[in-house]
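Novice: Okay, here's the structure, questions in a sec.
The values are calculated or read from the model by the stated rules, or taken from the named source; none is laboratory data. Keep in mind that what you see is a predicted model, and the values were worked out from it rather than measured. Counting neighbours? That spans all protein chains shown, and the Cβs are built from the backbone with ideal geometry, glycine included.
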């Protein structure tokens, strides 16, 4: 039946099935059991030891003298992440026994406070089985930290030491730096009772450290703001910092608007003012400048149970004057106390003086009335002259740099003018303000000359010759109190230059005091002079020589001395001679060949103010023993008369010319005039000759 088959012929036999199952079980069992047998050898034990020592020099190696450390905790982590913990014994060892499992074992120390590790906190060892050693020892080194304790105290007596009664201070900040200058910590003092004022910087290794305090406002460091310390192994060092409370001297600077020396409401404070502070031994403590609030504070040390005084001194500034003392001393200042000092300053005021010519005499400066320059004024305070000045071209004068108060301004009056406003005048000057005073003056009406412009001796602006009557009213003849030439004299506001020298006398009733007498020649000139009033002094000038052409004629000047034909002459022909009231014939020297020419003349008569002189010899005159008048200037009393005279060959004629003064180019015209004058002289006779003096 080998070749036959049935429905079961393809199925495996039972024996085969059982055998196959056994093979499967064996394989699975082998796969489950093999790993366990590879990690753990139930007959093997590993010994793992952690050794702990005190590494005093921090080099990670146990040296002589570096002993074992007890009671340090270590944790062993096995390859399968299971752990075990032990503490070191008196020999510094923590010994772990464990079955031999291949893989990595890790020992980790638990670091204690106040210590730092000098070796890694965790160390590893790998066990791979076989013939490898079944024990491992790991060395762990640790060193103790050092620390710095800061104590902060109030050094009331400032001696740098903590004495009895000097308390501790909390809330003061300190910063710690290492030897490289790097900041490694910062904190503030705290604590209570005996522990107050304490700050500890811990966890420090050996080395040099610097502690710096942050000084609080109002305190003085008495021990230095920085202190350094060298730390050794496992050391605690204490540093004490002392500070004393400072006293404050407050200086206030204000603008004293009313100048009363008190700080009043509304008066502003002044920034930018410099002050210096001195102690009671006059030692300079410091200087500073006021801020925007006008204040500067000086912090000074006064030991506890003592008092001191201090002096503040201000530095002046231009444009201001002090209204309070510039040096002020405080009262007694104690430890941590204060004092206030107030310094007042006010801006200077000024007075402006305006001076004008009051043409209408109404006391008001009206439009068209000119200012008066070069007028002197005095400034007084408390009846003492403190300054003087002269008005400028605009008639103004400023008295500056004046403190608050009352002042009086006085003008120095001129004999040419009379005041039309009060003199003196007073005013009050307020700080920083300008007061204005106005002074008016009206020029006196006086007797002036009228020489032509070319002489420059006539106008007031030229200081022309002028006489103010010696009377209460201008124009009066004043009797014996005054003198004048002829019968009358005029008065006017200014000289009137005229080419024929009668600009102020168009009616021929004023210039009547001097008349040429006869023909001038033979080295002699003659005039008839009439003096009215009291005794007088006479000066006379005749411009008869033209120096430029060295010939007779007028040249617009009166020469004091000139040379002609080797002889010396002068055009000042009458020099301060004494005359009594009445008519006088006066002679004077001329060059011998004086001939036909035209001349200009000026005569000035002054009141004689001395004792009456005895009569002189016949034909002689006494000299006045008082100062003479010059060609220009003001004289009180008397009169000035100017003339234009033309002399013909045989007679003298006073020509009243309304045209310009004869010039050298008009020789023909002058000849005609001379001829007509001669005919007129012959016709009218001596009477006309005598009147010719008024021309």
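Novice: Is segment 390-398 home to any residue that is in the same structural domain as residue 433 (by TED's automatic domain parsing) and at positive phi?
Specialist: Checking segment 390-398: at least one residue is in the same structural domain as residue 433 (by TED's automatic domain parsing) and at positive phi.
Novice: Report yes if residue 124 is assigned to a strand (DSSP E or B) and either closer than 30 Å to residue 44 by Cβ or touching a strand residue (DSSP E or B) at 6+ places or on another chain (Cβ under 8 Å) (or both), otherwise no.
Specialist: Details: assigned to a strand (DSSP E or B): yes; either closer than 30 Å to residue 44 by Cβ or touching a strand residue (DSSP E or B) at 6+ places or on another chain (Cβ under 8 Å) (or both): yes.
When the stated conditions are applied, residue 124 passes them.
Novice: Would you mention how many residues in segment 355-372 are outside any strand (DSSP E or B) and either under 16 Å from residue 413 (Cβ atoms) or not assigned by TED's automatic domain parsing to the domain that holds residue 404 (or both)?
Specialist: Number of matching residues: 4.
Novice: Can you find even one residue in segment 128-147 that is in a loop (DSSP other than H, G, I, E, B), at positive phi and either out of contact with any strand residue (DSSP E or B) (no Cβ under 9 Å at 6 or more places or on another chain) or touching a residue at least 60 places away in the same chain (Cβ under 8 Å) (or both)? Working first, answer last.
Specialist: Going through segment 128-147, the residues in a loop (DSSP other than H, G, I, E, B) turn out to be 128-134, 145.
Cutting the leftovers down to at positive phi gives us 129-130.
Applying the additional criterion that residues be either out of contact with any strand residue (DSSP E or B) (no Cβ under 9 Å at 6 or more places or on another chain) or touching a residue at least 60 places away in the same chain (Cβ under 8 Å) (or both) yields 129-130.
Yes, segment 128-147 contains at least one residue that is in a loop (DSSP other than H, G, I, E, B), at positive phi and either out of contact with any strand residue (DSSP E or B) (no Cβ under 9 Å at 6 or more places or on another chain) or touching a residue at least 60 places away in the same chain (Cβ under 8 Å) (or both).
Novice: Taking the condition modelled with pLDDT of 95 or more and either out of contact with any helix residue (DSSP H, G or I) (no Cβ under 7 Å at 6 or more places or on another chain) or surrounded by 12 or more Cβ atoms within 10 Å (Cβ to Cβ) (or both), does residue 405 pass? Can you show your working first?
Specialist: Values: modelled with pLDDT of 95 or more: no; either out of contact with any helix residue (DSSP H, G or I) (no Cβ under 7 Å at 6 or more places or on another chain) or surrounded by 12 or more Cβ atoms within 10 Å (Cβ to Cβ) (or both): yes.
It is false that residue 405 is modelled with pLDDT of 95 or more and either out of contact with any helix residue (DSSP H, G or I) (no Cβ under 7 Å at 6 or more places or on another chain) or surrounded by 12 or more Cβ atoms within 10 Å (Cβ to Cβ) (or both).
Novice: Follow-up. Might you let me know whether segment 548-559 holds any residue that is free of Cβ contacts under 8 Å to residues at least 12 places away in the same chain, within 24 Å of residue 457 (Cα to Cα) and assigned by TED's automatic domain parsing to the domain that holds residue 456? Don't jump to the end; show me each part of the working.
Specialist: Within segment 548-559, the subset free of Cβ contacts under 8 Å to residues at least 12 places away in the same chain is 548, 551.
Imposing the further condition that a residue be within 24 Å of residue 457 (Cα to Cα) reduces the set to 548, 551.
Then keep just the ones that are assigned by TED's automatic domain parsing to the domain that holds residue 456; that gives 548, 551.
Checked against the condition, which is being free of Cβ contacts under 8 Å to residues at least 12 places away in the same chain, within 24 Å of residue 457 (Cα to Cα) and assigned by TED's automatic domain parsing to the domain that holds residue 456, segment 548-559 yields at least one hit.
Novice: Within segment 65-77, does at least one residue satisfy the condition of being surrounded by fewer than 16 Cβ atoms within 10 Å (Cβ to Cβ), in contact (Cβ under 8 Å) with a residue 40 or more places away in the chain and assigned to a loop (DSSP other than H, G, I, E, B)?
Specialist: Checking segment 65-77: not a single residue is surrounded by fewer than 16 Cβ atoms within 10 Å (Cβ to Cβ), in contact (Cβ under 8 Å) with a residue 40 or more places away in the chain and assigned to a loop (DSSP other than H, G, I, E, B).
Novice: Is at least one residue of segment 409-419 under 37 Å from the mean Cα position of the chain (by Cα), assigned to a loop (DSSP other than H, G, I, E, B) and over 18 Å from residue 634 (Cβ atoms)?
Specialist: Scanning segment 409-419, I find no residue that is under 37 Å from the mean Cα position of the chain (by Cα), assigned to a loop (DSSP other than H, G, I, E, B) and over 18 Å from residue 634 (Cβ atoms), so the answer is no.
Novice: Suppose we keep only residues that are loosely packed, with under 13 Cβ neighbours inside 10 Å and over 47 Å from the mean Cα position of the chain (by Cα) within segment 174-199. Which one would you say is nearest to residue 230 (Cα to Cα)?
Specialist: 179
Novice: Looking only at segment 349-371, which residues are surrounded by 18 or more Cβ atoms within 10 Å (Cβ to Cβ) and under 35 Å from the mean Cα position of the chain (by Cα)?
Specialist: Once the filter is applied, which keeps residues that are surrounded by 18 or more Cβ atoms within 10 Å (Cβ to Cβ) and under 35 Å from the mean Cα position of the chain (by Cα), segment 349-371 yields 349, 351, 353, 355.
Novice: Just wondering, is there one or more residues in segment 270-282 that are in a strand (DSSP E or B) and more than 36 Å from the chain's Cα centre (by Cα)?
Specialist: Within segment 270-282, not a single residue is in a strand (DSSP E or B) and more than 36 Å from the chain's Cα centre (by Cα).
Novice: Please count how many residues of segment 629-661 are within 59 Å of the chain's Cα centre (by Cα), surrounded by fewer than 18 Cβ atoms within 10 Å (Cβ to Cβ) and modelled with pLDDT under 95.
Specialist: Going through segment 629-661 one residue at a time, the tally reaches 1.
Novice: Give the residue, chosen from 214, 208, 222, that is exposed (fewer than 13 other Cβ atoms within 10 Å of the Cβ) and under 51 Å from the mean Cα position of the chain (by Cα).
Specialist: 214
Novice: Consider residue 130 carefully, then state whether it is over 23 Å from residue 233 (Cα atoms) and surrounded by fewer than 13 Cβ atoms within 10 Å (Cβ to Cβ).
Specialist: Yes: the conditions hold for residue 130.
Novice: Within segment 384-395, can you find the residues that are under 29 Å from residue 446 (Cα atoms) and surrounded by 15 or more Cβ atoms within 10 Å (Cβ to Cβ)?
Specialist: First, the residues of segment 384-395 that are under 29 Å from residue 446 (Cα atoms): 389-395.
Selection gives 389, 391, 395.
Novice: Report whether or not residue 117 is over 60 Å from the mean Cα position of the chain (by Cα), surrounded by fewer than 18 Cβ atoms within 10 Å (Cβ to Cβ) and over 30 Å from residue 245 (Cβ atoms).
Specialist: yes
Novice: Quickly run through segment 199-245 and pick out the residues that are in contact (Cβ under 8 Å) with a residue 40 or more places away in the chain and not in a strand (DSSP E or B).
Specialist: Of everything in segment 199-245, those that are in contact (Cβ under 8 Å) with a residue 40 or more places away in the chain and not in a strand (DSSP E or B) turn out to be 205, 206, 214, 216, 218, 222, 223, 232, 233, 234, 235.
Novice: Turning to a different aspect of this structure: What is the residue count in segment 528-569 for residues that are surrounded by 15 or more Cβ atoms within 10 Å (Cβ to Cβ) and over 16 Å from residue 591 (Cα atoms)?
Specialist: Adding up the residues that qualify gives 16.
Novice: In the set 305, 293, which member is exposed (fewer than 15 other Cβ atoms within 10 Å of the Cβ), within 30 Å of residue 196 (Cβ to Cβ) and not assigned by TED's automatic domain parsing to the domain that holds residue 167?
Specialist: The conditions single out 305.
Novice: Follow-up. Could you tell me whether any residue of segment 235-250 is buried (at least 19 other Cβ atoms within 10 Å of the Cβ) and over 28 Å from residue 305 (Cα atoms)?
Specialist: no
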